[in-house]
Amino acid sequence: MISKIPAFNLKAVLRETGLAADTLRAWERRYGLPMPQRTGGGHRLYSQYDIETIKWLTTRQSEGLSISRAVDLWNEISASGTDPLAGSATLGLSNASTSSNTSDTTMNALRAEWIAACLNFNEIMAEQALNKAFSIFQVEDVCLEILQKGMAEIGKLWYSNHASVQQEHFASGLAMRRIDALLSASPPPTRSQTVLVGCPPGEWHTFTPLLVSLLLRRRGLNVIYLGANVPTERFSETATKVKANLVILVAQTLVSAASLQNTLLSLSNQGTTAAFGGRIFNLRPSIIEYIPGHFLGNTIENSIQEVERLLKGKIKDKPAKIAPEQHLSALHGFNTKRTLIESSLKKNLQPLSISPEELNNGIYFLGNNIAAALQLGDMEHVAEEMEWLKSLLKAYSRPPQELSKFMESYSNAIDEQINGQGDPIKTWLKSYTEV
Ligand code: B12
């Protein structure tokens, strides 16, 4: 903790910082930084914290920033609830245990530092890496290059079993908190248009919608962020209530892409302009044409320009495709008989060396994905999710035969319960039993 007790006169500060007296007075007059206390006789009295503030500002200048930009950065970091000097204080105390490459301030190096700190559950170091990045780069670039790409990298490590669930949760918690703080610290909207942002039912990945909200808020728009798992009727209700100019929905998985389709159908019926994006549309681009509303593109950076175009009213609405009749009829059969299908599946599967809890989770996961794929017109959409299931089985050393036995029993259960209607499901299941 750096002392804030007023203790040093002007001369001592000039000696310590190497600054000219006029410059220091000008900073105080123009920016109020630092703002020393005064003695009874009116002389300036600085604290150690004031001295460190001056050093922080001169370091930013030596990195090429103008003094006014350095002051802006100081204010942005403070407004996000972080002490800009927090990093330098702890750096001095525990230099040895912190980063080995503290002088490497490229974006890639800072991202690597942030990821390493998250994997070590080291919040102070992670915050330091971010503070350093915010002191050099634009807020938008840090959020995209360090937090978003960092989360994607941690996601890959988790997927390949090189990072634990706890590490991934810790990192996403830190990333979300920082974006949240930046959002709350953003200046009030300067533009009259309102954008509603959120996740459709069943979608809990809130990081990118929150990030999109921040980026749009920083462009002066009035952004209302609704968060995870918003029921369809709540979206429609709120869009009308706040007279939203645009509603943005984000889905990362197949199942939430299907619920996103339902929500956007309802919004388009009430005439609201809507847009969407997310990982699943990059993985399975053919889903896009089944979704009413505008696709915002494959990256978050580019989506911001798309939003601006939409707000200018330059893009026409497009009609959405509907799944083939055969798929919709299979979906109907599957939904009405799902409980029966799943209980006969469990009966067919006996005996199997899977715990009842894991079995129930697997059946629930697959059932949701089958229904979503039918709704979105192609059973092959589930392939991506199966890869996920397969590599999980592999990561936990489960034999691959467990999967084909499971799919075969599923196919039999479909035959027993919706024979004749379940063809798209059966054809697809077959491709897994023939492996
Ligand atoms: C953090 C995280 C979580 C956290 C979310 C915390 C939070 N509040 O956001 C929690 C723990 C809740 C979670 C839960 C689950 N998760 Co998760 N999660 C992740 C992780 C690691 C990051 C998610 C994220 O923020 N992605 C956004 C960025 C970082 O990803 P990106 O793909 O690089 O983004 C690019 C594009 O996709 C695109 N994009 C993304 N969003 C948007 C939005 C717009 C508008 C636009 C235009 C573009 C766009 O632009 C980006 C490039 O600019 C991902 C891994 C990953 N790579 O995404 C898994 C991941 C998304 N999760 C996954 C899974 C399976 C789950 C669970 C089912 C796990 C479980 N068994 O419970 C649940 C499902 C929850 C639900 N129903 O929604 C899978 C999804 C696989 C799949 N095929 O469906 C992933 C891909 C991990 C994996 N490789 O297996 N998860």
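The values are calculated or read from the model by the stated rules, or taken from the named source; none is laboratory data. Source: prediction; values computed, not measured. Cβ atoms come from the backbone with ideal geometry, glycine included; neighbour counts cover every protein chain shown. Quick note on the areas: whole protein, heavy atoms, side chains included, nothing else; ligands and nucleic acids left out. Shrake-Rupley method; radii C 1.70, N 1.55, O 1.52, S 1.80 Å.
Structure values in brief
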| read-out | value |
| --- | --- |
| Residue that is open to solvent by less than 20 Å² (accessible area, probe 1.4 Å), touching a Phe, Trp or Tyr at 6+ places or on another chain (Cβ under 9 Å) and not assigned by TED's automatic domain parsing to the domain that holds Asp415, where the choices are Ala320, Ala275 | Ala275 |
| Helices (runs of 4 or more DSSP H) contained entirely in the stretch 148-250, each with at least 3 residues that are open to solvent by 10 Å² or more (accessible area, probe 1.4 Å) and more than 9 Å from the ligand (Cβ to nearest atom) | 165-185, 232-241 |
| Hey, Gly313 away from the ligand (no atom under 16 Å from the Cβ) and in a loop (DSSP other than H, G, I, E, B) or not | yes |
| Condition broken by Gln138, with the remaining ones in (1) open to solvent by 50 Å² or more (accessible area, probe 1.4 Å); (2) under 30 Å from Thr272 (Cβ atoms); (3) away from the ligand (no atom under 13 Å from the Cβ) satisfied | (2) |
| Single match in Ser303, Ser236 (criterion: hydroxyl-bearing (Ser, Thr, Tyr), under 18 Å from Thr194 (Cβ atoms) and more than 19 Å from the chain's Cα centre (by Cα)) | Ser236 |
| Selection count where residues are within 12 Å of the ligand (Cβ to nearest atom), in contact with a Pro (Cβ under 8 Å, 6 or more places away or on another chain) and over 23 Å from Leu215 (Cβ atoms), scope the stretch 251-271 | 1 |
| Identity of the residue in the stretch 2-38, within 12 Å of Leu57 (Cβ to Cβ) and in a loop (DSSP other than H, G, I, E, B), that ends up least open to solvent (accessible area, probe 1.4 Å) | Pro34 |
| Lone unmet requirement of (1) away from the ligand (no atom under 16 Å from the Cβ); (2) touching a residue at least 24 places away in the same chain (Cβ under 8 Å); (3) within 25 Å of Gly367 (Cα to Cα) for Glu325 | (2) |
